[in-house]
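**Student:** Attaching a single structure in structure tokens format; questions to follow.
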Amino acid sequence: MKFMKLGTRPDTFFTSDSVRSVCTEVATDLQILVDDCVYHLHKFPLLSKCMLLQALCADSGGGDVVELPGFPGGGEAFEACAKFCYGITVTVSARNLVPLRCAAAHLGMSEAADRGNLAAKLDAFLASCLLRRWKDALGVLHSTRHYAPLCEDLGLTSRCVDAVAALITNPDTAFPARSTSVSPWWAHDIAELGVDLFWRIMVAVKATGAVNEKTVGDALKAYARRWLPNVAKDGLTADQPFDGADASVKQISTRHRLLLEKIVSLLPAERDAVSCGFLLKLLKAANILSASKAELVRRVAWQLEEASVADLLIPSLSCVSETLYDVDAVAAILDEFALRHAAAAPAQPPLALSGSPDDSPAHSGGHRRSRSAESVSFDGTRRSLSAAPVSQGALARVGRLVDGFLVVAAKDPNLPLDKLLAIAEAVPEGARPEHDGLYKVVDTYLQAHPEMSKSARKRLCRVLNCRKLSEKACTHAAQNELLPLRVVVQVLFFEHARAVALSGGHAVATDLPSNIRALLSKSGSEDDETDRVDEQRLRALASGASPGDDWSVEGLRRAASKIATLRMKLEEEDDDDDHAADEFARKAGLARSASLRFRAFCAIPAGKPKRVLSKLWPLGRSGTISH
């Protein structure tokens, strides 16, 4: 650390009965009170260099004690200024330059009072030596926080900020050996500064453009790690509190909120300058501190495919919501991601949930659009210039991420169905090549909410596309007693279609699994016990379904009573689709869902089975099943 010595005379100040005096042959004629300490000094050396004392002595007439209340730097800084006036040696370094400079300014020790005065000497030492060295410049800047208003008026703070920023952008002048370091060697040093000084340095560094944005992001991460509170549901705990250990929790929260907002304002524009995990940690802190989350939500959506499920588990601290996790924040992130996806591919349809309406039972008539789809129509081009294209791999990762989050969130008994569906439906088209993860979400939610009504279970299951379930998921779904029966039947039909496709497409249109054929050909019985056994048998046998032999016309006639029984059961499961089913059976057209196809199948006239079945399962001329 560099230092400077002013004056050559030895120290002759002494203390006697709480009075500080200077030992000379001439009697003292000036009494100055500073911080309850009286200094007995001489007018001539002091008044010749201090314009303030000249004015005060002129007003008092020279007989009273001159009081200097609120003196910057206290008695220590005043005594150093007094020693300079007497020519006594004073040592100046980065530790005491700021209080000395403030004291000299307060006393008026400028060039106007005397040539070569204290203020000019301190300014020269600061510019020529201290601000050229990293540790000294930081030390001076760090000490300005105790005299912030006066340092701002004197320009000390701005000079130190500019000097530190210059040393960061050109480290050879400060630390030649550190200039080759991969990590930002300066990040941990400036992390000790207050948020205002840190923000000003980072703004100056970014303005030069000499430091890449990834390095800026690393510096922000180091500062956040140093000062942000631990994320805990019980309250706020800071590893290192700000100035004022006796500050209230409200004051600490306000300071942390200001810190968070400053960090967010400094986030680099480059997409990968900071990790998505770091952004989500900031979002969790914003949730605790009740800070603005809009910018963080937008930034997270830019790189959502990089996140993990644990990152998305943001604790819910709202007094209104009783859910464990902040699902509203996740929904907002997905809305932004959908906008990014739509802006990057404007020629494509805005959004689809998990397939076209004709492909999936998830899109039966009357089902509402997701919030993402509704917002794209008027806001899709809002950030088209800044939106990064979303690859198919990134879409798939987001789909898996959302499903993984929903599996955890679905265990919460307080999670409303509407919020779960809003998140599940907000994923853009193509993000779920298969629906095994979504099926796990449905199964988990059904287990955590056993009191759900039949209509609620139907709403939940509409998000599933049975065509996209794997064989393992189909096996589980076919035996899942929590699912509505019509979903199980849909799974069976699509499994049969898949089996026919895998067999080379040579099966005829009337091929059905032998276990279903056996069930349907069983002698009809109308009692409730038989219906219960039929449903259990359907679920039990479905997991092992395999293509069977042809279903003949004679067999259909023998199974007429059983078909009627199944038709009545499906009508009870889905009363709101009765009209559509009858219309479908009458027109013998393509059904919008597998559930309606089964109803149409149940309405097959006994005399024309193959003609109607060929319309239920449309085949190409080669005999393969068309999807």
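The values are calculated or read from the model by the stated rules, or taken from the named source; none is laboratory data. Not measured: the values here are computed from a predicted model. All Cβ positions, glycine included, derive from the backbone under ideal geometry; neighbour counts span all protein chains shown. Just so you know, the surface numbers come from the protein's heavy atoms only, side chains and all, with ligands and any DNA or RNA stripped out. Shrake-Rupley method; radii C 1.70, N 1.55, O 1.52, S 1.80 Å.
**Student:** Is there a residue in the stretch 268-287 that is modelled with pLDDT under 90 and over 25 Å from V398 (Cβ atoms)?
**Tutor:** No, because not a single residue in the stretch 268-287 is modelled with pLDDT under 90 and over 25 Å from V398 (Cβ atoms).
**Student:** Shifting gears a bit: A113 passes all but one of (1) assigned to a helix (DSSP H, G or I); (2) open to solvent by 10 Å² or more (accessible area, probe 1.4 Å); (3) of a type in the set (A, V, I, L, M, F, W, C); (4) out of contact with any strand residue (DSSP E or B) (no Cβ under 8 Å at 6 or more places or on another chain); which number fails?
**Tutor:** Result: A113 fails condition (1) only.
**Student:** Let me spell it out: the conditions are (1) exposed (fewer than 11 other Cβ atoms within 10 Å of the Cβ); (2) out of contact with any His (no Cβ under 9 Å at 6 or more places or on another chain), and C57 meets all of them except one. Which number is the exception?
**Tutor:** The single condition C57 does not satisfy is (1).
**Student:** Another question, if that's okay. Which of the residues belonging to the stretch 12-46 are open to solvent by 40 Å² or more (accessible area, probe 1.4 Å) and either under 22 Å from A119 (Cβ atoms) or outside any loop (DSSP other than H, G, I, E, B) (or both)?
**Tutor:** F14, T15, S16, R20, Q31, L33, D35, H40, K43, F44 - these are the residues of the stretch 12-46 that are open to solvent by 40 Å² or more (accessible area, probe 1.4 Å) and either under 22 Å from A119 (Cβ atoms) or outside any loop (DSSP other than H, G, I, E, B) (or both).
Listed here are the residues, each with its yes/no results for (1) charged (D, E, K, R); (2) open to solvent by 50 Å² or more (accessible area, probe 1.4 Å); (3) not in a helix (DSSP H, G or I).
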| residue | (1), (2), (3) |
| --- | --- |
| P268 | no, no, yes |
| R271 | yes, yes, yes |
| G277 | no, no, no |
| K284 | yes, no, no |
| I288 | no, no, no |
| L296 | no, no, no |
| V300 | no, no, no |
| E305 | yes, no, no |
| T323 | no, no, yes |
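**Student:** Does the stretch 426-433 contain at least one residue that is within 14 Å of F337 (Cα to Cα), open to solvent by 10 Å² or more (accessible area, probe 1.4 Å) and touching a helix residue (DSSP H, G or I) at 6+ places or on another chain (Cβ under 9 Å)? Spell out how you get there, then give the answer.
**Tutor:** Just the residues of the stretch 426-433 that are within 14 Å of F337 (Cα to Cα), to begin with: 426-431.
Applying the additional criterion that residues be open to solvent by 10 Å² or more (accessible area, probe 1.4 Å) yields 429-430.
Pick out the ones that are also touching a helix residue (DSSP H, G or I) at 6+ places or on another chain (Cβ under 9 Å) and you get 429-430.
Yes, that holds for at least one residue.
**Student:** Is at least one residue of the stretch 49-63 under 25 Å from L138 (Cβ atoms), at pLDDT 95 or above and outside any helix (DSSP H, G or I)? First the steps, then the outcome.
**Tutor:** Initially, the stretch 49-63 is screened for residues under 25 Å from L138 (Cβ atoms), giving none.
The answer is no, given that none of the residues of the stretch 49-63 is under 25 Å from L138 (Cβ atoms), at pLDDT 95 or above and outside any helix (DSSP H, G or I).
**Student:** Restricting to the stretch 307-320, name every residue that is under 17 Å from R257 (Cβ atoms) and part of a helix (DSSP H, G or I).
**Tutor:** Once the filter is applied, which keeps residues that are under 17 Å from R257 (Cβ atoms) and part of a helix (DSSP H, G or I), the stretch 307-320 yields nothing.
**Student:** Here is a further query. Being in contact (Cβ under 8 Å) with a residue 60 or more places away in the chain and under 33 Å from the mean Cα position of the chain (by Cα) narrows it down to one residue among K411, K419, K454; which is it? Please lay out each step first, then the result.
**Tutor:** Numbers: K411 fails: in contact (Cβ under 8 Å) with a residue 60 or more places away in the chain; K454 fails: under 33 Å from the mean Cα position of the chain (by Cα).
Residue meeting the stated conditions: K419.
**Student:** Also, quick follow-up: Does any residue in the stretch 17-29 that is within 17 Å of A80 (Cβ to Cβ) come within less than 6 Å, Cβ to Cβ, of a residue that is in a loop (DSSP other than H, G, I, E, B) and modelled with pLDDT of 90 or more six or more places away or on a different chain, and which pairs are these?
**Tutor:** Every condition considered, the pairs that remain are V22/T12.
**Student:** When you scan the stretch 43-63, do you find a residue that is under 22 Å from C151 (Cβ atoms), without any contact (Cβ under 8 Å) to a residue 60 or more places away in the chain and of a type in the set (D, E), even just one?
**Tutor:** No, the stretch 43-63 contains no residue that is under 22 Å from C151 (Cβ atoms), without any contact (Cβ under 8 Å) to a residue 60 or more places away in the chain and of a type in the set (D, E).
**Student:** Further, regarding this structure: Output the number of residues of the stretch 81-98 satisfying the condition of being open to solvent by less than 20 Å² (accessible area, probe 1.4 Å), part of a helix (DSSP H, G or I) and within 19 Å of L154 (Cβ to Cβ).
**Tutor:** 3
**Student:** While we're looking at this one, here's another question. Just a yes or no: is a residue in the stretch 437-450 of a type in the set (D, E, K, R) and at pLDDT 90 or above? Walk me through how you get there before you give the answer.
**Tutor:** Residues of the stretch 437-450 that are of a type in the set (D, E, K, R), as a first pass: 440, 443.
Imposing the further condition that a residue be at pLDDT 90 or above reduces the set to 440, 443.
Among the residues of the stretch 437-450, at least one is of a type in the set (D, E, K, R) and at pLDDT 90 or above, which makes the answer yes.
**Student:** Got a number for residues in the stretch 228-266 being assigned to a loop (DSSP other than H, G, I, E, B) and modelled with pLDDT of 85 or more?
**Tutor:** Residues that pass the stated criteria total 2.
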